[in-house]
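First up is the structure itself, then whatever we jot down about it.
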Amino acid sequence: MLLAIDTSAGTSVAVVDLARGVIAERATDDTMRHAEVVGRLIADCLSDAAVPISDLSAVVGGMGPGPFTGLRVGIAAARVFALGAGVPFVPVVSHDALAFGRYRAGHTGPLVVVTDARRREVNWSVYSGADAQGLPIRVVAPGVTRPAVLLEPDWAHAGVPRFDAVTVSAGELGQVAELMWAHRRPFAADEALYLRSPDVTLSNGPKRVS
């Protein structure tokens with residue numbers, strides 16, 4: 001049984017089991033208050049599921065892609081919760097959860113998953129389909145670009161069906177992790193997919209005083 005947390009687009013928390021599916025899920029599409037709501041969503045989700053922390057086998061963190069400020073909140077929350085619970089932290093690409101949901105809903109064949117990257121850009125990933133276990137097959141790593149680029153007729157993936165998502169379901173993120181665990185698939189690298197520099201950076205030296 002897993003606790004899954006994603007803040008790559010909104011904030012979503014779920015308790016998921018391989019056999020029982022999504023036991024409980026709480027989410028908000030607010031993209032500005034991740035730090036304020038993630039703790040409450042975790043508590044509410046565990047309460048809804050009536051699951052003690054000792055029953056969790058791992059904590060799943062959505063690794064993005066996503067904006068720096070929001071994404072790091074969920075990853076930090078998942079890592080800290082896993083450390084406190086004494087269970088592994090499991091990284092999963094957030095776009096894989098979105099593709100998983102589409103394929104499970106009946107989509108077949110290639111798919112472009114798109115999410116808001118803020119600053120008038122979008123994040124995107126390309127999938128060729130789902131494998132025998134229902135796991136999405138990502139064929140192009142997540143990228144970031146201007147929305148207009150994806151509409152250009154000569155874009156490498158022009159004509160591929162597109163799914164624009166506002167939020168990422170932690171329930172679907174957890175199900176991807178459960179299936180990967182059950183079928184011994186390698187998890188994502190333990191590295192956040194920010195894809196670009198943060199909005200705020202530290203200066204290289206002390207500020208000059210005149």
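Observations
The rows are residues; the columns are (1) in a helix (DSSP H, G or I); (2) charged (D, E, K, R); (3) over 20 Å from residue 69 (Cβ atoms); (4) at pLDDT below 95.
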position	(1), (2), (3), (4)
168	no, no, no, no
172	yes, yes, yes, no
177	yes, no, yes, no
181	yes, no, yes, no
187	no, no, yes, no
195	no, no, no, yes
198	no, no, no, yes
206	no, no, yes, yes
209	no, no, yes, yes
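- Unmet criterion (only one of (1) at positive phi; (2) free of Cβ contacts under 8 Å to residues at least 12 places away in the same chain; (3) not aromatic (Phe, Trp, Tyr)) for residue 153: (1)
- Scanning the range 55-84 for residues that are surrounded by fewer than 17 Cβ atoms within 10 Å (Cβ to Cβ), in contact with a strand residue (DSSP E or B) (Cβ under 7 Å, 6 or more places away or on another chain) and either without any contact (Cβ under 8 Å) to a residue 40 or more places away in the chain or among the basic types (Lys, Arg) (or both) yields a total of 1.
- Inter-residue pairs, beta-carbon under 7 Å, first among the aromatic types (Phe, Trp, Tyr) and in the range 164-190, second in a helix (DSSP H, G or I), 6+ apart: 187/180
- Checking each residue in the range 40-58 for being under 20 Å from residue 80 (Cβ atoms), in a loop (DSSP other than H, G, I, E, B) and of a type in the set (Gly, Ala, Ser) picks out only 57.
- Candidates 15, 37: the one that is modelled with pLDDT of 95 or more and either buried (at least 24 other Cβ atoms within 10 Å of the Cβ) or not in a strand (DSSP E or B) (or both) is 15.
- Condition broken by residue 30, with the remaining ones in (1) loosely packed, with under 15 Cβ neighbours inside 10 Å; (2) of a type in the set (Asp, Glu); (3) in a strand (DSSP E or B) satisfied: (3)
- Being under 15 Å from residue 65 (Cα atoms) and not aromatic (Phe, Trp, Tyr) holds for only one residue in 142, 147, and it is 142.
- Of the strands (runs of 3 or more DSSP E) lying entirely inside the range 85-140, the ones with 1 or more residues being free of Cβ contacts under 8 Å to residues at least 40 places away in the same chain and either in contact with a strand residue (DSSP E or B) (Cβ under 9 Å, 6 or more places away or on another chain) or aromatic (Phe, Trp, Tyr) (or both) are found at 121-130.
- Residues of the range 135-144 that are closer than 20 Å to residue 182 by Cβ and buried (at least 21 other Cβ atoms within 10 Å of the Cβ): 136 alone.
- Scanning the range 93-134 for residues that are over 23 Å from residue 155 (Cα atoms), in contact with a helix residue (DSSP H, G or I) (Cβ under 9 Å, 6 or more places away or on another chain) and surrounded by fewer than 19 Cβ atoms within 10 Å (Cβ to Cβ) turns up 104, 133, 134.
The values are calculated or read from the model by the stated rules, or taken from the named source; none is laboratory data. Note that this is a predicted model, so its numbers are computed, not measured. Positions of Cβ are generated from backbone atoms using ideal geometry, with glycine treated the same way; all protein chains shown enter the neighbour counts.
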